[in-house]
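Note sheet for the following structure.
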Amino acid sequence: MPSTPDRLTANRFDLRVEPLAPHVYAVLAEGRANSGFIVSDEGVLLIDPRPSADETRAMLGLIREFSAAPVTHVFLTHSHRATGAAIAATGAPNVVGQIRARQWLADYGEDNLEHSFDGTLTGERAPLTLPNVVFDRELTLYWGGREILLMHLGRGHTVGDAILALPDEGVVFGGDLIVNRHTPFLGDGYLDQWTATLERFRNVRAKRLVPGRGPIVAAAEAKQVIDAHSEYLGILRETVAEQVEAGRGIADAYGRALEILTPFFSDWVGFERLLPFNVARAFEEVRGSHPRQWTVDRRLELIEALASCYE
């Protein structure tokens, strides 16, 4: 393997590589999603491609500073990371994911992933690649001389969240199941189940935790990060439930959630941008509805429903 510099940055996309353990790296993006990769003589295992093919290729350029080996595996921590063009850019023959994430992509992926979160076309397009290696609760890979543990701890951010743990190194990639000083996105998630899943996540001991978004978490900080994430979810649900029980509509629920959450979480990345979607999902869940796909039409309906809040 080539020599490995301590840190590299792809300036165009503000990507930064951070070593975690021998031949194990995080790819951090200020204010955006994190990724990672593991290098071995057998190839490269990539943990979550970037949102677009161009950005994924930029990340691959950084990886080439550490290894000239091909990407042999792409691990998806959840279905949102499975853009066809980005996966195609890796050239990986093996795409690994939780079985319900695969099913969600089979049902909704082509429509949902044609657009970025704000409803604009993402640019380069390619057929959606479904995971060809799937698991339910747990899968152990013995690859590159390492034990790699993939686990589904329960529903949360999506129906098919999964984490990657390296037991010997004490490194965990949590995906968007856990974020650090970023607002969690609940748009097609499971609010009540997410809190319970985070409780199970506490039992996953990590010396270095790479959250789906935000700075790397040291072992001493893990409890505080999980507590804060759980507190956000709990306050959101309780606040919205009070409005639903009082017979009020989604605009009232949003206004009250904004009032209650702002003093505690307004400095989190994406707080104002994501709150409407999180309130909408909490509103639906309290009323007994399952998650629904976020289409452009749904976004426009939400904007119209909350119009009075911005007058």
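The values are calculated or read from the model by the stated rules, or taken from the named source; none is laboratory data. Here the structure is a predicted model, which is why all the values come from computation and not from measurement. FYI the Cβ positions are ideal-geometry reconstructions off the backbone, even for glycines, and counts take in every protein chain you see. With ligands, DNA and RNA removed, areas are computed over all heavy atoms of the protein, side chains included. Shrake-Rupley method; radii C 1.70, N 1.55, O 1.52, S 1.80 Å.
For the range 35-51, the candidate set comprises residues that are in contact with a Phe, Trp or Tyr (Cβ under 8 Å, 6 or more places away or on another chain), open to solvent by less than 10 Å² (accessible area, probe 1.4 Å) and outside any strand (DSSP E or B); within that set, the residue that is modelled with the highest pLDDT is ASP48. Count of the range 169-205 residues, restricted to those that are over 30 Å from LEU302 (Cα atoms) and open to solvent by 20 Å² or more (accessible area, probe 1.4 Å), is 7. Taking the criterion of being closer than 18 Å to LEU306 by Cβ and more than 19 Å from the chain's Cα centre (by Cα), would at least one residue in the range 228-236 satisfy it? Among the residues of the range 228-236, at least one is closer than 18 Å to LEU306 by Cβ and more than 19 Å from the chain's Cα centre (by Cα), which makes the answer yes. Within the range 210-265, restricting attention to residues that are within 22 Å of THR197 (Cβ to Cβ) and among the basic types (Lys, Arg), the residue that is surrounded by the most Cβ atoms within 10 Å (Cβ to Cβ) is ARG213. Within the range 76-91, does at least one residue satisfy the condition of being within 17 Å of LEU166 (Cβ to Cβ) and open to solvent by less than 10 Å² (accessible area, probe 1.4 Å)? The answer is yes, given that some residue of the range 76-91 is within 17 Å of LEU166 (Cβ to Cβ) and open to solvent by less than 10 Å² (accessible area, probe 1.4 Å). All told, VAL96 meets the bar of being modelled with pLDDT of 95 or more and touching a strand residue (DSSP E or B) at 6+ places or on another chain (Cβ under 7 Å).
Of all the residues in the range 9-34, those that are at pLDDT below 95, touching a Gly at 6+ places or on another chain (Cβ under 9 Å) and open to solvent by 40 Å² or more (accessible area, probe 1.4 Å) number 1. Looking across the range 266-296 at every residue that is basic (Lys, Arg) and open to solvent by 30 Å² or more (accessible area, probe 1.4 Å), the one that is nearest to GLY214 (Cα to Cα) is identified as ARG273.
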